[in-house]
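Contents: one structure, followed by commentary.
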Amino acid sequence: MKNIIGNINKAFDNRVRLGIMSVLMVNEYADFTNLKEVLGVTDGNIASHMKALEKKGYVKVEKSFIDRKPNTRYSTTKAGREDFKKHIEAIEKLLNQNHKKT
Amino acid sequence: MENEKYLRDLSEIKKMMSSSSRFISFSGLAGVFAGCYAILGALVAGFLLSEQASNMSKASEVMIFGDNNLVNQLFYIALAVLVLAIGTAIALTTYKAKRNNQKIWDSTSKRLLINFSAPLIAGGIFCLVLLQNGMMQLLVPSMLIFYGLALIHASKYTYSDLKSLGYTNLVLGLISTQFPDYGLYFWTAGFGLFHILYGIWMYNKYERKPE
């Protein structure tokens, strides 16, 4: 039981961060507008959560210019993918256990 | 309480993963229409072929001259079926996307289009090569096999149900290699009948709103 809770990752414990990671897990990369459309939250909201994930080393940011317009592309790092998988597995185990108890 | 939160998290994750990577505005009705066009095209082709067969018994010189003409006619029928089917699919998909307030041209639809067309265009070119070399008996199997492979490949980027239609066409194409005389029937089953059945099934599953 202790082990499972240890794998629940505080860095992902937020709706927007879960959303960002989910999108990036199944896509090679996503840009800011993509994420905004899919998640349906404000610019500032995404930016602040993205910064937190970036600080943890879970997402990579690439800035470039497309048709002279700035474009920011996000993708997951290896550590990000591994820890996110662990996080989901931990949630599933926790749910299973609680399900058995009741 | 905790449980509910985590359950919600999991379903949110699933939703985000599928909506950001799969294009789901595709309409099942497009399949039904494509199937109808294919059957109409096959009826016209069948009529032309039987006319050719009766001509053949009358005079054998006509056959050699008329053969090329017939191939051209069949080619234009196939082209017309293709253009009608694609046109209807685009129109219905645009309509459905608009109704659901989704974008029709985004990263998911682009990816779907690229992954669907790559095997299909390769197959189209391959079929033209068969035509060029007069290997007619392999034409129908190749069309079905390449179309099946394209569907299987594309199913990763839209409804995963598309895979079953892909495998059906693939197997049908392989079987049809053994029955070269019944090519038109196999073609009609694969592109006509299965499209209609599958389109109706998809429509019922995803689009029909409960009253």
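Under 18 Å Cα to Cα from A:Lys51, which aspartates and glutamates show up? Leave out anything in the same chain fewer than 8 places away.
Cross-link targets: A:Asp13, A:Asp31, A:Asp43, A:Glu62, A:Asp83.
What three numbers, in Å, describe the spread of the alpha carbons of the protein assembly as shown along their principal axes, ordered from the longest?
Principal-axis extents of the protein assembly as shown (Cα, largest first): 87, 56, 38 Å.
Please give the calculated 222 nm ellipticity per residue for chain B, where each DSSP H segment of at least 4 residues contributes -39500 (n - 2.57) and the sum is spread over every residue; nearest 500 deg cm²/dmol?
Counting only the DSSP helices, I get -26500 deg cm²/dmol.
For A:Ala52 and A:Asn7 in one chain, what is 0.36 nm times their gap in residues minus the Cα-Cα distance, to one decimal in nm?
Computed gain between A:Ala52 and A:Asn7 is 14.4 nm.
Find, to one decimal place in angstroms, the Kirkwood hydrodynamic radius of the range B:93-176, where the mean of 1/r is taken over every pair of different Cα atoms and then inverted.
Evaluated over the range B:93-176, this radius sits at 13.9 Å.
With a sphere of radius 14 Å drawn around the Cβ of A:Gly19, what net charge do the other residues whose Cβ falls strictly inside it have (Lys, Arg +1; Asp, Glu -1)?
+2
Quick one: how many lysine pairs does the range B:28-206 have with C-alpha atoms less than 26 Å apart and a gap of 8 or more or different chains? Give me the count, please.
Number of lysine pairs found: 16.
Assuming R0 = 51 Å, can you tell me the calculated FRET efficiency for the pair A:Ile66 and B:Asn55, based on Cβ-Cβ distance, to the nearest 0.05?
0.30
Roughly how big is the protein assembly as shown's charge dipole about its Cα centre, with Cβ charges of +1 (Lys, Arg) and -1 (Asp, Glu), in debye to the nearest 20?
Dipole about the Cα centre, nearest 20: 1760 debye.
Can you give the Kirkwood hydrodynamic radius of chain A from its Cα pairs, in Å with one decimal?
14.7
Based on the Cα coordinates of the range B:28-206, what is the per residue volume of their convex hull in Å³?
Dividing the Cα hull volume of the range B:28-206 by its residue count gives 103 Å³.
Which of the lysines could be linked to A:Lys100 by a straight reach, that is with a Cα gap under 29 Å, when you skip same-chain ones fewer than 8 residues away?
Within reach: A:Lys2, A:Lys10, A:Lys85, A:Lys86, B:Lys5, B:Lys14, B:Lys15.
List the DSSP H helices in chain B whose Cα atoms stretch 15 Å or more along the helix axis and whose mean Kyte-Doolittle hydropathy is at least 0.5.
Span-like helices here: B:28-58, B:60-99, B:107-132, B:139-154, B:162-176.
Readers should treat all values here as calculations from the given coordinates under stated rules, not as data from a laboratory. Model, not experiment: these values are computed from the prediction. Methodologically, a virtual Cβ is constructed for each residue, glycine included, from the backbone with ideal geometry; neighbour enumeration extends over all protein chains shown.
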